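The values are calculated or read from the model by the stated rules, or taken from the named source; none is laboratory data. Since the structure is predicted, the reported quantities are computational estimates derived from the model, not experimental observations. Backbone-built Cβ (ideal geometry, glycine too); neighbour counts: all protein chains shown. The protein model used for the area step is the full one, side chains on, heavy atoms only, and it has no ligands, DNA or RNA in it. Shrake-Rupley method; radii C 1.70, N 1.55, O 1.52, S 1.80 Å.
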Amino acid sequence: MSKAVWERIEKSRARHNVLEHPFYVRWSAGELSRDELARYAGQYRHATEALARLCSQTAEAAPEEHREEIAAHAAEEKGHVGLWDDFVAAAGGEIGAEPTPQTVECVTAWTAPEGYLEQLARMYAIESGQPEIARVKREGLRRFYGIDGERGSKYFKVHEEADHAHAEESRRLIETVMTPEDEDALVAAAESAFQANWRLLDGVS
């Protein structure tokens, strides 16, 4: 398969790099208030649930020979919601926080039932960026917000490592079934995931 589709996805990621969003810039500078961090924790919880749901939906849509593999991935992501809840507690957030309109947009975009390849593309887009994003967020939490150690930071530690393998899995599965005619749809699906994450941050800034 042509490398062009992956290059296009990376260009899209660069255009919507959430580490350049003002909220994460302030996070890394230690400029967030505790109330802002708590609000974010409650809002992004909806995104962690959406990622788990996306993985589950993708498993249901997958060819039979790949269904079990993706279902195991989905189960792992569902378990990670509990790790995020530990961060919510450490940040003083609310697990049942009402989602902002921007958070609703993110959840809707991430879980849109557009088709197997598009769902894989969104999984890839989200998870291939997570190791670096998780590292930056964890370092900021440790340096500026007093959140370190096993419970409050474990979600980020896990995603610094696990999502290398998760993204590679999604990329491999995409490459087994896509054709050149699928490239535009794949790039559009990935871009929708990047844009949705940015919009969620707009809602907590």
Run the paramagnetic zone check for ALA89: 7 angstrom along Cα to Cβ, then residues of region 107-146 with backbone nitrogen under 12 Å. none
Degrees separating the helix 34-61 axis from the principal Cα axis of the chain, which is the longest one: 20
Of all the accessible heavy-atom surface of the chain, with the other protein chains kept in place and a 1.4 Å probe, what percent is carbon and sulfur? 49
Expressed per residue, the solvent accessible area of region 82-141 in Å² (1.4 Å probe) is about 35
To test your reading of the geometry: what angle, between 0 and 90 degrees and rounded to tens, separates the Cα axis of helix 116-144 from the longest principal axis of the chain? 20
Express the relative contact order of the chain as a whole percentage, based on alpha carbon pairs under 8 Å and six or more residues apart in sequence. 35
Pairwise over distinct Cα atoms, reciprocal of the mean inverse distance: report the Kirkwood radius of the chain in Å, one decimal place. 17.1
Assuming R0 = 30 Å, what is the FRET efficiency of GLU168 and GLU98, from their Cβ-Cβ distance, to the nearest 0.05? 0.25
Toy charge model, Lys and Arg Cβ at +1, Asp and Glu Cβ at -1: region 1-121 dipole around Cα centroid in debye, rounded to 20, equals 460
Just name one of TYR24, HIS46, SER170: the one whose Cα is farthest towards the positive end of the charge dipole of the chain (beta-carbon charges, Lys/Arg +1, Asp/Glu -1). TYR24
In sequence order, what are the phi-derived ³J(HN,Hα) couplings for region 170-176 according to the Karplus relation 6.51 cos²θ - 1.76 cosθ + 1.60 with θ = phi - 60°, rounded to whole Hz, with x for glycine and proline? 4, 4, 4, 5, 4, 5, 6
Nearest-20 debye value, the chain charge dipole, Cβ charges on Lys, Arg, Asp, Glu: 820
Per residue value of the accessible surface for region 8-59 (all protein chains in place, 1.4 Å probe), Å²: 41
Take the chain, connect every pair of alpha-carbon atoms lying under 10 Å apart with a spring to form a Gaussian network, then pick out the residue of ASP184, ASP163, ASP85 with the largest mean-square fluctuation. ASP184
I'd like the Karplus ³J(HN,Hα) series for region 6-21: coefficients 6.51, -1.76, 1.60, θ = phi - 60°, whole numbers in Hz, and an x wherever there's a Gly or Pro. 6, 5, 5, 5, 5, 5, 5, 4, 5, 5, 10, 5, 5, 5, 9, 5
Are there trypsin sites (Lys or Arg not before Pro) in region 1-52 that DSSP marks as loop and that have at most 16 other Cβ atoms within 10 Å, and which are they? LYS3
Angle check, please: helix 101-110 long axis (alpha carbons) against the longest principal axis of the chain (alpha carbons), in degrees 0 to 90, nearest 10. 30
Give me the dipole magnitude in Debye, nearest 20, for region 118-164 about the Cα centre, with unit charges on the beta carbon: positive for Lys and Arg, negative for Asp and Glu. 280
Of the options SER128, PRO113, ALA97, report the single residue whose Cα projects farthest towards the positive end of the charge dipole of region 85-137 (beta-carbon charges: Lys, Arg +1; Asp, Glu -1). SER128
